[in-house]
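Peer 1: One structure is given below, represented as structure tokens, and several questions about it will come after.
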Amino acid sequence: MSNIIEIDHIIKNYYIGTVIVRALRDVSLTINRNEYVAIMGPSGSGKSTLMNVLGCLDTPTDGIYMLNDKDVSKMEDNQLAEVRNREIGFVFQTFNLLPRYTALENVTLPLIYAGVSKHERIEKAKETLTKVGLGDRMDHKPNELSGGQRQRVAVARALVNDPSIILADEPTGNLDSKTSKDIMQLLDDIHSSGNTVILVTHEEDIAQYAGRIIRLMDGEVESDVLNRAKVTV
């Protein structure tokens, strides 16, 4: 199985005045295509920083990040933006939907940035919303949808550009337990269809849906194990 992600001796420092915050300390790991990985850790462990690096939202202070055989660790902001739009679909805890846009319009946004024609992006967005079970909610705005439906719109937006990786940051953090299970079922289906899924969470029961769990502590990998008890949904 080939690697889709390889990070080698990644260091990330932040500077607050004269104080150096060492958020990531010499982190190395690989993630294979079609793997389902959970990244866990308490507040301050470095998991959010690692997510930002993996998602090309930030660059490391030192080390190498190979994404789909391309070194993205030294790219400029505009290059990283292109990589994000092409390679990574994001699902956030707070949904990050535009309130004045319908579900359909929210899902078309990545395709606009990718330069896809209007007709093609509308058809692709409709197809993707139908896949996540919202074929009858396309014309609804976020305030007309439940929390679970809003997260499904966010998942559809993440999927619409056929990215290499789905990066989900606390995707059930604002949802009740039943709706959380529905969203995890959806992510499981996405993984089963061939996508690489990286899940960032502090919830043990949510991490158990992944086939591999990486735990961070103080900016270092504390453990990296296959999850033999993977939740089946």
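Peer 1: From the list Arg152, Arg121, which residue is within 17 Å of the chain's Cα centre (by Cα), charged (D, E, K, R) and buried (at least 19 other Cβ atoms within 10 Å of the Cβ)?
Peer 2: Just one listed residue meets the conditions, Arg152.
Peer 1: Same structure again: Which of the following residues is touching an Asp or Glu at 6+ places or on another chain (Cβ under 9 Å) and either buried (at least 24 other Cβ atoms within 10 Å of the Cβ) or part of a helix (DSSP H, G or I) (or both): Leu167, Leu199, Leu187, Leu175?
Peer 2: Sole residue among the options that is touching an Asp or Glu at 6+ places or on another chain (Cβ under 9 Å) and either buried (at least 24 other Cβ atoms within 10 Å of the Cβ) or part of a helix (DSSP H, G or I) (or both): Leu199.
Peer 1: Being among the hydrophobic types (A, V, I, L, M, F, W, C) and assigned to a helix (DSSP H, G or I) is the filter; apply it to segment 121-147 and report the residue that is nearest to Leu186 (Cα to Cα).
Peer 2: Selected residue: Leu129.
Peer 1: Separate question: Scan segment 32-84 residue by residue and report those that are in contact with a helix residue (DSSP H, G or I) (Cβ under 9 Å, 6 or more places away or on another chain), crowded, with 20+ Cβ neighbours inside 10 Å, in a strand (DSSP E or B) and not small (Gly, Ala, Ser).
Peer 2: Selection gives Tyr36, Ile39, Met40, Tyr65, Leu67.
Peer 1: Out of curiosity, is Asp182 assigned to a helix (DSSP H, G or I) and of a type outside the set (A, V, I, L, M)?
Peer 2: yes
Peer 1: Here is a list of conditions, (1) of a type outside the set (Ser, Thr, Tyr); (2) surrounded by fewer than 14 Cβ atoms within 10 Å (Cβ to Cβ); (3) over 30 Å from His140 (Cβ atoms), and Ile112 meets all of them except one; can you say which number that is?
Peer 2: With (1) of a type outside the set (Ser, Thr, Tyr); (2) surrounded by fewer than 14 Cβ atoms within 10 Å (Cβ to Cβ); (3) over 30 Å from His140 (Cβ atoms) applied to Ile112, the lone miss is (3).
Peer 1: Continuing with this model, one more query. Just to be sure I understand, how many residues within segment 213-227 are part of a strand (DSSP E or B) and either touching a Ser or Thr at 6+ places or on another chain (Cβ under 8 Å) or touching a residue at least 40 places away in the same chain (Cβ under 8 Å) (or both)?
Peer 2: 9
All of the numbers you see were taken from the coordinates with simple rules; none came from a lab. Remember, predicted model here, so these are calculated numbers, not experimental data. Note that we place each Cβ from the backbone using ideal geometry, even for glycine, and neighbour counts take in every protein chain shown.
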